[in-house]
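Enquirer: This is the structure I have questions about; it appears just below.
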Amino acid sequence: MRIDQYLPGFAPHDAIGNHTLQIRRVLRKAGYESDIWAEHMLPGVEREADPYLEDTHGPDDGRALLYHTSTGSPMAAWLKARADQGERLIGDYHNITPSRYFARWEPRVVPSMDDARRELAMLAPVTQFSFADSAYNESELVELGYRSTMVCPLLVDLDQYHRPPDRGLLARLPRRGARWLFVGRVAPNKCQHEVVAAFAAYRRVYDRNARLTLVGGATSPRYREAIEQMAAELGLGDSLEMPGNISDAELLAYWAAADFFVCMSEHEGFCVPLLEAMELGVPIVAYSSSAVPGTLAGAGLLLEDKDPLWVAEAVHGLVQDGARRDELVAAGRARAEDFSLEKTSKLFLSGLESYLEATSA
């Protein structure tokens, strides 16, 4: 049997792109034929996929089509047409950020984000089965009327985080003061500005030598500019670093130097950096929102309030309480084991084959 995957954007070093490659590995190992079809392919993965409009398979092939949903794309209507013709459509929902977060900063992208949600609703009647990265994402599918769903986290190879870091960068990173880290696209829903506000309060009240690194490319250039202006007005100087897109080895260097992972994000469908922090033994202080509590499952310090002084005090409390910090690190590493590639691969394949058996009976 053939099970092909479809995704609007296929990029290297991307959580969804890596997840797609891992699924192909699982499917082929289990004896299924499986290829990847994409709308846009960035350099580095162009040999791993083909343009979806060149797909010549038809309903008589008896295959299933697995669609990864995270953004809007003409591919959604194309897949609906295939499903209407009798092909089996399976979903894998990775979350769509609500457009309200971008309305102030990047209003030109709002229509496409709203279109993505309409497409998600459009596919509900023709999607026979759907995975969701988290219970939070699954609840959205259920609300939209998706008939059969299950939670399966992103397939992540955690061993990749134990490769050597960039030693040169690691040696250059100052070691005085607590090092805060946040990893994620610079985007309004990630709320990096609130991390900066809390960090400024922390430096003023507790640790003048503290440093903050915000790793990630800018989804919203205007939002990034506002953060830089805010940091300048707060007098943070070189205590704040925003290196943008970096190599895997450079990212590992920042992880190796980090004392705390501080997340104030308001909208996450899963949040892979939380998994990275847990795997690497970096204690987490996070705002309790969207999928964050489900991903952590108690393996981090969750806050119900994002007041800068409250966040600063929470981080300082962990600096002072080494036993509590060690508890969080141990809980994080134990929680990360739940997301081992072996476990998530088995969960994915079991869910898929249960669906296939039920529909072939």
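Enquirer: Consider L155 against the criteria (1) in contact with a Leu (Cβ under 7 Å, 6 or more places away or on another chain); (2) surrounded by fewer than 21 Cβ atoms within 10 Å (Cβ to Cβ); (3) not small (G, A, S): it satisfies all of them except one. Which criterion is unmet?
Expert: All conditions are met except number (2).
Enquirer: Among A77, A103, A121, A81, which is the only one that is farther than 21 Å from I3 by Cα and either part of a helix (DSSP H, G or I) or β-branched (V, I, T) (or both)?
Expert: On inspection, the qualifying residue turns out to be A121.
Enquirer: Still on this structure, please answer the following. All but one of (1) surrounded by fewer than 17 Cβ atoms within 10 Å (Cβ to Cβ); (2) charged (D, E, K, R); (3) in contact (Cβ under 8 Å) with a residue 40 or more places away in the chain hold for E304; state the number of the condition that does not hold.
Expert: E304 satisfies every listed condition except (3).
Enquirer: Being in contact with a Leu (Cβ under 6 Å, 6 or more places away or on another chain), crowded, with 22+ Cβ neighbours inside 10 Å and of a type in the set (A, V, I, L, M) is the filter here, so list the residues in the stretch 256-273 that pass it.
Expert: Hit for the stretch 256-273 is A258, nothing else.
Enquirer: Another question about this same structure. Listed residues R208, R147; which is basic (K, R), without any contact (Cβ under 8 Å) to a residue 24 or more places away in the chain and in a loop (DSSP other than H, G, I, E, B)?
Expert: R147
Quick grid of which residues meet (1) part of a strand (DSSP E or B); (2) basic (K, R); (3) in contact (Cβ under 8 Å) with a residue 60 or more places away in the chain:
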{"position": "L7", "(1), (2), (3)": "yes, no, yes"}
{"position": "P12", "(1), (2), (3)": "no, no, no"}
{"position": "N18", "(1), (2), (3)": "no, no, yes"}
{"position": "G44", "(1), (2), (3)": "no, no, no"}
{"position": "R47", "(1), (2), (3)": "no, yes, no"}
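Enquirer: Among the residues of the stretch 276-285, is any part of a helix (DSSP H, G or I) and either buried (at least 23 other Cβ atoms within 10 Å of the Cβ) or of a type in the set (S, T, Y) (or both)? It would help to see each step written out before you state the result.
Expert: Quick first cut of the stretch 276-285, residues part of a helix (DSSP H, G or I) only: 276-280.
Okay, now just the ones that are also either buried (at least 23 other Cβ atoms within 10 Å of the Cβ) or of a type in the set (S, T, Y) (or both), so 277-278.
Yes, the stretch 276-285 has at least one match.
Enquirer: Right, next: Looking for something surrounded by fewer than 17 Cβ atoms within 10 Å (Cβ to Cβ), hydroxyl-bearing (S, T, Y) and in the same structural domain as S290 (by TED's automatic domain parsing) - is there at least one such residue anywhere in the stretch 246-255?
Expert: Yes: the stretch 246-255 contains one or more residues that are surrounded by fewer than 17 Cβ atoms within 10 Å (Cβ to Cβ), hydroxyl-bearing (S, T, Y) and in the same structural domain as S290 (by TED's automatic domain parsing).
Enquirer: Quick test for you: out of V319, V329, V315, pick the one residue that is in contact with a helix residue (DSSP H, G or I) (Cβ under 7 Å, 6 or more places away or on another chain) and either assigned by TED's automatic domain parsing to the domain that holds G184 or basic (K, R) (or both).
Expert: Within the list V319, V329, V315, the selection yields V315.
Enquirer: Across the stretch 310-334, which residue is surrounded by the most Cβ atoms within 10 Å (Cβ to Cβ) among those that are aliphatic (A, V, I, L, M) and farther than 15 Å from A210 by Cα?
Expert: Taking the candidates together, the pick is L328.
Enquirer: Hey, any hits in the stretch 49-71 for a residue that's in contact with a helix residue (DSSP H, G or I) (Cβ under 8 Å, 6 or more places away or on another chain), in a loop (DSSP other than H, G, I, E, B) and crowded, with 19+ Cβ neighbours inside 10 Å?
Expert: The answer is yes, given that some residue of the stretch 49-71 is in contact with a helix residue (DSSP H, G or I) (Cβ under 8 Å, 6 or more places away or on another chain), in a loop (DSSP other than H, G, I, E, B) and crowded, with 19+ Cβ neighbours inside 10 Å.
Enquirer: Tell me whether the stretch 127-142 contains one or more residues that are of a type in the set (V, I, T) and within 22 Å of the chain's Cα centre (by Cα).
Expert: yes
The values are calculated or read from the model by the stated rules, or taken from the named source; none is laboratory data. Source: prediction; values computed, not measured. Virtual Cβ from ideal backbone geometry, glycine too; neighbours counted across all protein chains shown.
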